[in-house]
Each structure stands twice: as C-alpha cells, then as structure tokens.
Ligand SMILES: CC(C)(COP(=O)(O)OP(=O)(O)OC[C@H]1O[C@@H](n2cnc3c(N)ncnc32)[C@H](O)[C@@H]1OP(=O)(O)O)[C@@H](O)C(=O)NCCC(=O)NCCS
C-alpha cells in the first residue's frame, strides 16, 4: 500500500479527485463539483487524506451549524440556547480501494479534534452527522455517536457531545 499523508485542507490545484470512488456517487460528485465552491464561499471546509501522488483517498466536509432545540434529545438541549452551537460533519467518504484500513476512523478523529479546538475558542456543544443510510448509521454508532431518536430505526441524524470526544478519541487510538 502506498504511503498516505496527514489530513490537510483540500487544495483544488493540487489534489486529484477525478478517480475518487467511495461507492456512493453522490459523495464522489460532491467532492468533484462542489467542495471547492463551498470552500470559496466559506460554507463548508473539506479535509482530505491523499497519497504521495496527491490522489485523494478520503475526504470529510465540515461546517458550523445550529441545532434547533425542539428537534434535539434532552442531553443535547440541557442548559443550551436555541439554536445550540454544533459542528456539522456533512460528508465523509473513503475510496473503496482503501476501505477497512482505519482511514475513515482516522479522518473522523481529526474532525473530532477540530471540534474540541473550536469549542475552546468559540463554543461547540456537539458534532452532528446525517448518516447516508442504515449501514452508515451503524458505522457512526460504532464510533460512539448517538441517534437523535434511538427508538426510531429509520433515524439517520446522530450526535456526539464535545464533552464525550476525549474519551472517544482515547478508545480510537
Ligand atoms: C463508511 C466509511 C466512511 C468507512 O470508512 P473506512 O475507512 O472503510 O472505515 P474504517 O476502516 O475506519 O472502519 C472499519 C470498520 O467499520 C466497518 N465498516 C466499514 N464500512 C462500513 C459500513 N458502510 N457500514 C457499517 N460498518 C462499516 C468495518 O466492518 C470495520 O469494522 P471492524 O473494525 O469492527 O472490523 C466508508 O466505507 C465509506 O466511505 N462508505 C461510503 C460513504 C459512507 O457511507 N459514508 C458515511 C458517511 S454518511
């Protein structure tokens, strides 16, 4: 396997994304067509893991968000304003050729560490994600994320409190 670089912000002039194939065409298309645009407009930041030829192997897009209290579970809402401040992990995808090597987990760990930093500087109560499907929901839960409504098997919105991140990162290491 080729050597991989540490997570870095997407550089559209450097990183090659044409061949990126996560098995989810919507996520591949977003990386190719919209990641740069979102960065220029300051609406989403995309972080990538690339190989030494600058081919993208995995990416995550993140943005600040506000969660409506009325749609959130009690431990997210307790003592928090409306909307409550959170970091949205909007998209995460790993190229199929690099699946199951811990790369998705490593990139998530990087985003969680970012949430801890943001929390110190500007307050961020949680990281939230919307799983792309039921399999992905299971994947997020394996990392410690909680579904907004655990009793609803179709629920795809999940969260991890920033106060839980340090313990989660310890388990992932
Ligand atoms: C889900 C995804 C990000 C996982 O990335 P990865 O680098 O392959 O995952 P890791 O190697 O870090 O983790 C591997 C573990 O996750 C499990 N796993 C991998 N893909 C999974 C999936 N789609 N659903 C459930 N579990 C999955 C593996 O069985 C393995 O478990 P184990 O450690 O108990 O053996 C990647 O498969 C992907 O990009 N899928 C398509 C897009 C997607 O579903 N994105 C999720 C965001 S909504």
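The residue pairs whose first member lies in the stretch 131-145 and is in contact (Cβ under 8 Å) with a residue 40 or more places away in the chain, whose second member is assigned to a helix (DSSP H, G or I) and more than 7 Å from the ligand (Cβ to nearest atom), and whose beta carbons are closer than 8 Å, counting only pairs six or more residues apart or on different chains, are 132/26. A single member of 118, 158 is assigned to a strand (DSSP E or B), modelled with pLDDT of 95 or more and either more than 13 Å from the ligand (Cβ to nearest atom) or touching a helix residue (DSSP H, G or I) at 6+ places or on another chain (Cβ under 6 Å) (or both), and it is 158.
Scanning the stretch 88-97 for residues that are in contact (Cβ under 8 Å) with a residue 60 or more places away in the chain, buried (at least 17 other Cβ atoms within 10 Å of the Cβ) and either more than 6 Å from the ligand (Cβ to nearest atom) or not in a strand (DSSP E or B) (or both) gives 91, 95. Suppose the filter is over 17 Å from the mean Cα position of the chain (by Cα), surrounded by 11 or more Cβ atoms within 10 Å (Cβ to Cβ) and closer than 18 Å to residue 130 by Cα; does residue 83 pass it? So residue 83 fits the description; yes. In this structure, residue 113 qualifies as away from the ligand (no atom under 15 Å from the Cβ), farther than 13 Å from residue 60 by Cα and modelled with pLDDT of 95 or more. Counted as qualifying within the stretch 25-85 are the helices (runs of 4 or more DSSP H) with 3 or more residues that are over 15 Å from residue 11 (Cβ atoms), namely 25-33, 74-77.
The values are calculated or read from the model by the stated rules, or taken from the named source; none is laboratory data. Small disclaimer: the values here were computed from a predicted structure and weren't measured. As a convention, Cβ positions derive from the backbone with ideal geometry for all residues, glycine included, and neighbour counts pool all protein chains shown.
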